Amino acid sequence: MLMPKKTKFRKVQKGRRRGLSKGARDIYFGDFGLQAVESVWLTAQQIEAMRVTISRQMKKAGSFFIRVFPDKPITKKPAETRMGKGKGGVEGWVAVVKRERIICEVSGVTELEARDILQKVSYKLPIKTRFIKKTVEENEVMQ
């Protein structure tokens, strides 16, 4: 599973998921992408399922880029534990995905194949997503 090698703090506060994504709102690496329509915490398991689905569907035809990484530790207290006694232990890792963030990108395939691949990826994710493609304006900005 994905997780950071080391972190500055062992546990973090919950935070908020309101608003738009601060960065990663444009396609930079590929030609087609999957964009989040709503905010969510993507777990390391969900990101791994997404990666496996993309790599199986691509069949060495092109390349893909995953633009999220689970760097937020999620804690949980044991079942049937009384209140108090501090914060629970780290149970897993999540990536905070806000609205309009690009989750993954693909390149080297046709638009029809990319739509099919990213549709299958979206079935693995717990949020609504939209298919987007790189526009001519974005190409000009990059050069």
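Quick look at the values:
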quantity: Qualifying residue in the stretch 61-75 (condition: surrounded by fewer than 16 Cβ atoms within 10 Å (Cβ to Cβ) and charged (D, E, K, R)); calculated: yes
quantity: Scan of the stretch 102-136 for residues that are among the hydrophobic types (A, V, I, L, M, F, W, C) and in a loop (DSSP other than H, G, I, E, B), ordered by number; calculated: Val109, Leu125, Ile127
quantity: Candidate set: the stretch 1-60, residues that are in contact (Cβ under 8 Å) with a residue 60 or more places away in the chain, in a loop (DSSP other than H, G, I, E, B) and of a type in the set (S, T, N, Q); chosen: the one nearest to Glu100 (Cα to Cα); calculated: Ser21
quantity: Close pairs (7 angstrom Cβ cut-off, 6 or more residues apart or separate chains): more than 23 Å from Leu20 (Cα to Cα) in the stretch 100-128, in a strand (DSSP E or B) and of a type in the set (Gly, Ala, Ser) anywhere; calculated: Ser107/Ser63; Gly108/Ser63
quantity: Residue within the stretch 20-27 that is in contact with a Lys or Arg (Cβ under 6 Å, 6 or more places away or on another chain), closer than 16 Å to Lys128 by Cα and not hydrophobic (A, V, I, L, M, F, W, C) present; calculated: yes
quantity: Subset of the stretch 1-35 [among the polar types (S, T, N, Q), surrounded by 14 or more Cβ atoms within 10 Å (Cβ to Cβ) and out of contact with any strand residue (DSSP E or B) (no Cβ under 6 Å at 6 or more places or on another chain)]; calculated: Thr7, Ser21
quantity: Check on Gly108, closer than 24 Å to Thr7 by Cα and either loosely packed, with under 13 Cβ neighbours inside 10 Å or at pLDDT below 95 (or both); calculated: no
quantity: Odd one out for Lys77, checked against (1) in contact (Cβ under 8 Å) with a residue 24 or more places away in the chain; (2) within 30 Å of Lys8 (Cα to Cα); calculated: (1)
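The values are calculated or read from the model by the stated rules, or taken from the named source; none is laboratory data. None of the values given here were measured: they were computed from a predicted structure. All Cβ positions, glycine included, derive from the backbone under ideal geometry; neighbour counts span all protein chains shown.
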